[in-house]
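As structure tokens, the structure follows; a few thoughts come after it.
The values are calculated or read from the model by the stated rules, or taken from the named source; none is laboratory data. Computed from a predicted structure; not experimentally measured. Here Cβ is always computed from backbone atoms with ideal geometry, including for glycine, and neighbour counts include all displayed protein chains. Side chains included, ligands, DNA and RNA excluded: accessible areas come from the protein's heavy atoms. Shrake-Rupley method; radii C 1.70, N 1.55, O 1.52, S 1.80 Å.
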Amino acid sequence: MRVSTLTVKQCLALHWMCILIFVGTNGECYFNTAALVSCVQNFPKSRGPVVGILKGFAGLGGAIMTQVYALIYDPDHAGIIFMVAVGPTMVVIALMFIVRPVGGHRQPRPSDASSFTFIYSVCLVLAAYLMGVMLVEDLVDVSHSVIEIFTAILFILLILPIIIPVTLTFWDQRSSVEERLLPEAPLATISSKDLSTEIIFSELEDEKSSEEESLSVNDRKKRIAQLQAKINRAAAEGAVRVKRRKGPHRGEDFTLTQALIKADFWLIFISLLLGSGSGLTVIDNLGQMSASLGYDNPHIFVSMISIWNFLGRIGGGFFSEIVVRDYAYPRPVSMAVAQVIMAIGHFFFAMGWPGAMHIGTLLIGLGYGAHWAIVPAAASELFGLKKFGALYNFLTLANPAGSLVFSGLIASSIYDHEAEKQAQMHSNLAHTSRGMLQRITDVIMAADEPLKCDGSICFFLTSMIMSGFCIVAVVLSLILVHRTKVVYASLYGKTGSFRT
């Protein structure tokens, strides 16, 4: 009876935990969407840097919260749950009226480049600082006073970017005062140009060709009738073309329904599924991968891949913006480069060479993070900003779908198969060297322990499959590049104007 009571309690606890996870993750995605959509609409000419910075800090949030928890560490683990529940809620309430679309500026300001450079510098310093702090706290038993100093420096780095809006507000007010103090331009300087323009236009208006002067009144009426017939015919043909047109073109505002019938949208979705799904497979199995290769501290690689993920998001936004801004080339080419990097990283994991875990973690973290800076910006450029929230969140479904298939089915099945092979091999060796009683004891003990695989063979096939998926994603991204060359040339070309 006691066992059944405990089972019911465990089921109820699991049930409530699932509900809380559902509410929590949906709340996080809601605020993520609100911040991303608002800032992209406010900075339509700097989508790459904006998305990269926002998604970078989203990826680094776990490391920041870990450091804050280390400051207020409580032996009762309910403390961290309380902190995670209350902390973000207070931040959201404080910023809910500030984080919103405010119109933005249609053309890049001269200060934009220096402002984003400053924020990028702060991001790099913050990532390096967190990496150093995590390594020190992992390797050395630091006192609580040292943790307080580490956390204080962290908060200073976090609030440092607020210098930019304060400075820009001050200079805008100063420039507006200077403009009001400037004397108005005299009318004489303007009237002379206007008069000359009016004279030129009047001269052109009075000019008549000899052919037009020689036409009689009847001929003119006939010519006007012919022109009117051509106009009516062209209008009718244009109306037919408008009726045949199905939805908006690339670069205009799409609804989710309109985007779902476009090949470009599914190229982005499948490429993201293959690329980010393979990267998330590594993140999900990083502990088992490092343990199978003989590393005793897998949490070090977890911390490292978080930092590289952050730098990948920052770098993906920065370099993809250079591609589109300086060369008017499609942004998805940056996604193809990130997927090539990930394919190489999976190959290093498959080989299991000395140092392969460090190199593979670096490459996978950078490539995986770059996806989340490039894909939202590219989707907003190809399908518009009006329904960007719905489009972006549908694309993010590729991430859990890839994890479910690649990690939940492929990686786990292959790992269990290799672990069973090794267990069977050890059992055969024990069969020849031990007695019957000892073999029965080994079988009973093994039944209570999970299967464990050792060596690079555990994830060799999985890593090679993931590398192949990344190569397929590269091909899909390059197809998207070929299809959208004209669009990006019109959006960012020297003669094109960006449509927002």
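Extending 7 Å from the Cα toward the beta-carbon at both residue 266 and residue 394 defines two label points whose distance is 1.2 nm.
The heavy atoms of residue 11 present about 80 square angstrom of accessible area, all protein chains included, probe 1.4 Å.
Annotation: peptides 271-278, 297-304, ranked by per-residue average of other Cβ atoms within 10 Å with the highest first, follow the order 271-278, 297-304. Across all C-alpha atoms in the stretch 81-161, the radius of gyration and Dmax reach 17.3, 52 Å. Put simply, when 35-44, 462-471, 136-145 are sorted by average Cβ atoms within 10 angstrom per residue, most first, you get 462-471, 35-44, 136-145. By a 1.4 Å probe calculation restricted to protein chains, residue 358 has an accessible surface near 80 Å², given to the nearest 10. Sequentially through the stretch 326-333, phi angles give Karplus couplings (6.51, -1.76, 1.60; θ = phi - 60°) of 8, 10, 6, 9, x, 4, x, 5 Hz, Gly and Pro residues having no value and appearing as x. Other residues within the sphere of radius under 15 Å centred on the Cβ of residue 338, judged by their own Cβ, net out at +2 (K and R +1, D and E -1). Packing order of peptides 340-352, 402-414, highest average first: 340-352, 402-414 (average count of other Cβ atoms within 10 Å over each peptide's residues). Figure note: 453, 18 ranked by solvent-accessible area, largest first, 1.4 Å probe, ligands and nucleic acids not counted: 18, 453. Ignoring any ligand, DNA or RNA, what whole percent of the accessible area of the stretch 20-84 comes from carbon and sulfur when the probe is 1.4 angstrom? Of all accessible area on the stretch 20-84, carbon and sulfur atoms account for 76 percent.
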